[in-house]
Protein chains: 2
Amino acid sequence: MKILKSQLTATQKMQYEARAKIIKAIAHPSRLFIIEELEKGERCVNDLTDMIGADVSTVSKHLSVLKNAGLIGDKRSGNNIFYYLRTPCILGFFGCLEDVIESNARQQGEILLACKTKR
Amino acid sequence: MKILKSQLTATQKMQYEARAKIIKAIAHPSRLFIIEELEKGERCVNDLTDMIGADVSTVSKHLSVLKNAGLIGDKRSGNNIFYYLRTPCILGFFGCLEDVIESNARQQGEILLACKTKR
DNA sequence: TTCATATTTGGCAATATGGCAAAATATCCA
DNA sequence: TGGATATTTTGCCATATTGCCAAATATGAA
């Protein structure tokens, strides 16, 4: 007879889905850039578009994804709509990302080295 | 004449893509669960499958996504393949997620309240 | 009101993702 | 070797994401 480990409850499942939704919103190169840029100060679509180098409508959509996830807010000032970071704690995560990337690079290096020494 | 802000360099672009790739790997309810579970100790596909309640092949794919991003490692022991967390710092991020979720909930509450008082 | 600027929306094509089932692989044991 | 168990890979389909263009909307100024 097979012993089943405790399954995920509906509540837990919802919790993971809520988290995943937010992480998904961050999981795009342009959106990562936007978050970092907004940490420096408020920006409007046009500012970001120039830097990213994509269509304005594309950047606008990225902003709406971030806004929809509750990560950024916006306020209109005349003809411009300025976006701002609502939860700066996100940035603490970036250091960890670098750790992962470095660790991956190191491992790749080791594999390369292992191949070389074998010859 | 339009003044262009400094555009992203190719190197910066690559950096954001590398980060996004890792975040993308985390951005799924089941994979979030797997990461948390692996923090408790090594697990094999079957353990996780029972808890998640999806097909084994699906969970196996999730594990390969995490492995491919360099977040987890694996080692065979007889008939089982055990997965382990390679970068526990990921977990520090989860607290921030909860902050965002709570903040979103609070805002929703305010909107609701505002609607009520208007009546 | 009309024009110019800033921004969002809708539509569409290309691509990526997620999940199941069946087939393939790997290991252990008799 | 052959069978049992554990895991991954492949094929297929439904759905989601991304990005551009064109059209719509909002604001300010003449």
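The values are calculated or read from the model by the stated rules, or taken from the named source; none is laboratory data. All figures in this text were calculated on a predicted structure; none of them were measured in a lab. Here the Cβ positions follow ideal geometry from the backbone for every residue, glycine too, while neighbour counts run over all protein chains shown. Protein only, heavy atoms only, side chains kept; ligands, DNA and RNA dropped before computing areas. Shrake-Rupley method; radii C 1.70, N 1.55, O 1.52, S 1.80 Å.
So the values come out like this:
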read-out	value
Phi to ³J(HN,Hα) by Karplus 6.51 cos²θ - 1.76 cosθ + 1.60 over the stretch A:11-28, Hz, x for Gly, Pro	5, 4, 4, 4, 5, 5, 5, 5, 5, 4, 4, 5, 5, 4, 5, 7, 7, 8
Teacher prompt: B:Glu39 distances to equivalent labels in other copies, 7 Å Cα→Cβ, nm	2.1
Exposure of B:Asp55 as accessible area (Å², to 10), given a probe of 1.4 Å and all protein chains	90
Placed amide H near B:Cys44: partners under 5 Å, 5+ positions off or other chain	B:Tyr83
Whether the stretch A:11-86 is rounded, prolate or oblate, judged on the alpha carbon gyration tensor where a/c under 1.5 counts as rounded	prolate
Other copies of B:Gln7: label-to-label distances in nm, shortest first, labels 7 Å along the beta-carbon direction	5.3
Residues of the stretch B:32-54 buried by at least 50 Å² on assembly (accessible area, 1.4 Å probe, chain alone as reference)	B:Leu32, B:Phe33, B:Asp50, B:Met51
Counted charge near B:Pro29, where neighbours are those whose Cβ lies closer than 12 Å (Asp, Glu -1; Lys, Arg +1)	+3
Phi to ³J(HN,Hα) by Karplus 6.51 cos²θ - 1.76 cosθ + 1.60 over the stretch B:57-68, Hz, x for Gly, Pro	5, 5, 5, 4, 5, 4, 5, 5, 5, 5, 5, 4
Summed buried accessible area for A+B [probe radius 1.4 Å, Å², rounded to 100]	4200
For the stretch B:45-55, Karplus couplings with θ = phi - 60° (6.51, -1.76, 1.60), whole Hz, Gly/Pro x	3, 5, 3, 5, 4, 4, 6, 6, x, 10, 5
Lys pairs, the stretch A:11-86 - Cα-Cα below 19 angstrom, 8 or more residues apart or on other chains	10
A:Arg86 accessible area, 1.4 Å probe, all protein chains in place, Å² to nearest 10	70
